[in-house]
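Notes to accompany the following structure.
The values are calculated or read from the model by the stated rules, or taken from the named source; none is laboratory data. Computed from a predicted structure; not experimentally measured. When we count neighbours, we look across all protein chains shown, and the Cβ atoms used for this are built from the backbone with ideal geometry, even at glycine.
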């Protein structure tokens with residue numbers, strides 16, 4: 001359904017060098033499947049999603065690559081053409097529902113606006129009925145009454161459900177969920193994830209799930225892309241990522257997960273910090289933090305290559321045995 005080829009997204013003011021927040025990313029998402037994108041804060045996950053939606057804040061721009069969706073290259077569309085894609089064919093759930101919802105307008109008015117954007121002929125009564133149906137779909141109780149509520153009258157979990165209802169109001173083919181469970185307690189988080197999975201089974205939409213929570217990925221994703229410093233470090237099926245990780249960064253992420261059966265002591269930590277985009281190392285971007293790095297890792301960036309069916313890794317040491 002979606003194929004990203006060599007995507008490079010840069011930021012740069014006049015007279016200053018451009019900085020690549022996403023640098024040469026290749027990804028695919030199939031219909032009815034969920035791709036999880038994980039990595040530390042600042043690795044380019046959210047900028048990747050905003051590039052797909054063509055919602056980059058200035059001075060950001062797509063400098064190279066293609067975003068192929070439904071036979072079109074989204075990177076080449078005009079702003080007017082892209083407005084026909086957003087909401088109707090690709091929708092997005094943003095990270096903080098309280099900052100994404102307008103506090104001065106009712107929930108119903110905001111859902112109606114999303115529908116009216118792509119259906120100018122809908123009457124007020126039809127918009128209200130479709131808004132109530134959207135709230136029913138995301139299992140908000142008493143939708144006939146709650147549709148007139150304002151965001152502050154709802155809990156965090158309810159607001160997140162409203163965001164999902166708005167995103168799905170025009171039955172998109174692809175849903176991008178950027179940290180959809182941030183700031184939610186464990187119970188509400190589970191309810192939101194179950195809801196997304198049920199709606200996917202019902203509609204057949206594809207999902208790109210952006211998160212730093214590997215537990216969410218294990219529960220939801222069919223395939224996982226691990227990003228680091230603007231690039232994909234490893235991509236594979238979820239089972240392969242958790243059972244046979246091949247990139248040292250993936251190993252570090254998995255090693256930092258608390259486990260009930262583990263012996264008392266400190267969790268594994270990846271030493272150092274992500275390099276800033278204006279001071280990237282010449283070779284592998286993870287090399288300064290990698291305990292397995294050698295001279296080759298500091299000379300040239302490793303290509304993202306196939307090491308097994310359905311598994312790609314950007315590491316000179318892969319495939320490896322018992323590297324952990």
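Miscellaneous remarks
- When the strands (runs of 3 or more DSSP E) confined to region 212-324 are screened for residues that are farther than 26 Å from residue 200 by Cβ and within 20 Å of the chain's Cα centre (by Cα), those reaching at least 2 such residues are found at 231-237.
- Taken over region 283-303, the criterion of being over 17 Å from residue 233 (Cβ atoms) and touching a helix residue (DSSP H, G or I) at 6+ places or on another chain (Cβ under 8 Å) is satisfied by no residue.
For every residue, the table says whether it meets (1) modelled with pLDDT of 95 or more; (2) surrounded by 21 or more Cβ atoms within 10 Å (Cβ to Cβ); (3) in the same structural domain as residue 144 (by TED's automatic domain parsing).
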{"residue": "33", "(1), (2), (3)": "yes, no, yes"}
{"residue": "40", "(1), (2), (3)": "no, no, yes"}
{"residue": "44", "(1), (2), (3)": "no, yes, yes"}
{"residue": "48", "(1), (2), (3)": "yes, yes, yes"}
{"residue": "58", "(1), (2), (3)": "no, no, yes"}
{"residue": "74", "(1), (2), (3)": "yes, yes, yes"}
{"residue": "79", "(1), (2), (3)": "no, no, yes"}
{"residue": "93", "(1), (2), (3)": "no, yes, yes"}
{"residue": "104", "(1), (2), (3)": "no, no, yes"}
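- Residue within region 270-279 that is at pLDDT below 85 and touching a helix residue (DSSP H, G or I) at 6+ places or on another chain (Cβ under 9 Å) present: no
- Selection status of residue 232, touching a helix residue (DSSP H, G or I) at 6+ places or on another chain (Cβ under 7 Å), in contact (Cβ under 8 Å) with a residue 12 or more places away in the chain and closer than 21 Å to residue 26 by Cα: no
- Members of region 1-55 found to be in contact with a helix residue (DSSP H, G or I) (Cβ under 8 Å, 6 or more places away or on another chain) and part of a loop (DSSP other than H, G, I, E, B), listed by number: 32, 39, 54
- Residues that are in a loop (DSSP other than H, G, I, E, B) and more than 18 Å from residue 48 (Cα to Cα), drawn from region 76-106: 78, 88, 101, 102, 103, 104, 105, 106
- Out of 202, 144, 133, sole residue that is surrounded by fewer than 15 Cβ atoms within 10 Å (Cβ to Cβ), free of Cβ contacts under 8 Å to residues at least 40 places away in the same chain and within 25 Å of residue 28 (Cα to Cα): 202
- For residue 158, the criteria (1) surrounded by fewer than 19 Cβ atoms within 10 Å (Cβ to Cβ); (2) closer than 25 Å to residue 211 by Cα; (3) without any contact (Cβ under 8 Å) to a residue 24 or more places away in the chain hold in every case but one, which is (1).
- Per the listing 164, 210, 176, 257, the residue uniquely without any contact (Cβ under 8 Å) to a residue 60 or more places away in the chain and in contact with a helix residue (DSSP H, G or I) (Cβ under 8 Å, 6 or more places away or on another chain) is 257.
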